[in-house]
1. Kindly write out, for region 254-260 in residue order, the coupling ³J(HN,Hα) from the Karplus curve 6.51 cos²θ - 1.76 cosθ + 1.60 (θ = phi - 60°), rounded to whole Hz, with x marking Gly and Pro.
2. Measuring from centroid to centroid over Cα atoms, what is the spacing of region 247-310 and region 80-114 in Å?
3. If you check each cysteine of the chain for another cysteine whose beta-carbon is under 4.7 Å away, which ones come up empty?
4. Please compute the length gained on full extension between A43 and D174, using 0.36 nm multiplied by the number of residues separating them and subtracting their Cα-Cα distance.
5. For T79, list long-range residues whose amide hydrogen, built 1.01 Å from N in the peptide plane, is under 5 Å from its own amide hydrogen.
6. When a/c reaches 1.5 or more, the comparison of a/b and b/c decides; with that in mind, is region 43-134 rounded, prolate or oblate per its Cα gyration tensor?
7. How would you classify region 243-310 from its alpha-carbon gyration tensor, with a ≥ b ≥ c the square roots of the eigenvalues: rounded for a/c under 1.5, else prolate if a/b is greater than b/c, otherwise oblate?
8. For C39, list long-range residues whose amide hydrogen, built 1.01 Å from N in the peptide plane, is under 5 Å from its own amide hydrogen.
Amino acid sequence: MKSFFRVLTAATLLAGSTFASAQATRTWVSGVGDDANPCSRTAPCKTFAGAISKTAARGKINVLDSGGFGAVTITKSITIESEGTVAGVLATAGSSGVIINTTLATDLVVLRNLKIEGIGAGGTGIRILSAGAVLIEGVSIEDFTTHGIDISPTSNPIQVSLQDVTLRRNGDIDTEAAVNIAPPLGATASVTLNDVRVGGGANGIRTAGSGTTELFVRDSIFSELLFDGIRQTNVGTSTSLLDNVSLINCDGAGLNTDGIGSRARVANSTITGNANGVVTTSATSPVSFGNNRLIANANGNTFPVTVALK
């Protein structure tokens, strides 16, 4: 009997070690792959969802050739990237292309050079619920009926960075946006946009929720939107710094700070061709550093507060 338990214990340990060894630090997907494969370079998987279960935490999923690799839910530190190929993610009706919901406050998720599409039927391109930090780089997100990116952290503070990102035709109504930031009470979202291009759809950026939002936008363009270029509508606290930002031809306002705790500071930016240039109903008005171009809007062609650069 004792020898039986020794054999059983040894078999259990062996099975555990075999499972652990099956998770590689680098895996591969291909348009002609198979999720039954080990996701190696010579035997790639077919989908991101198939590859992620075989990729160790802090590992990387690479794309071998162009293809559509399906929606994926990310629950650990990981990088998904493509270089020189089209790596598509097509969301089905009402769903999200990528969901990020990791367990550790130190987790880092990187999405690089992906093309995420809703084709008018998908709900949200990237939905971020929990992670320590998320880097989205070289990604395009198009035609989602709710949000392009929804940053709604469940509790832990989160940092999100968008670099060289294009968002087109995301959102239909005034509570939707290309980038929606809505931390709940007690949560903080620190979001940076650099070289981001938003065209068409509902709002460009919308900050909402009862938590704290820290927003920095630089070298970015928001144009041809149904509502506002940037709208801070928090009931919590929302502070933003805009540097070299263009807010152009929006049917609402270029910049709208109508949230109770909203504060915007604007430098070296252009707000033009909008139904309203700057709108505020909050206790704290937007502040211009005096070097902005606020012209040719139907209304709102002056900043409530202007201070000199020092």
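Just so it is clear, none of the values below were taken in a lab; they were calculated from the coordinates. Predicted model, so just to flag it, every value in this text is computed and none were measured. Every residue, glycine among them, receives a Cβ derived from its backbone with ideal geometry; neighbour counts consider all protein chains shown.
1. x, 10, 10, 10, 9, x, 4
2. 33
3. C250, each lacking another Cys Cβ under 4.7 Å.
4. Contour length minus the Cα-Cα distance gives 42.5 nm.
5. Correct list: G59, K60, I61, V110.
6. Oblate, because a/c is 1.5 or more while a/b does not exceed b/c.
7. Oblate is the answer for region 243-310, as a/c is 1.5 or above yet b/c matches or exceeds a/b.
8. Excluding prolines and chain starts, which carry no amide H, the hits are C45.
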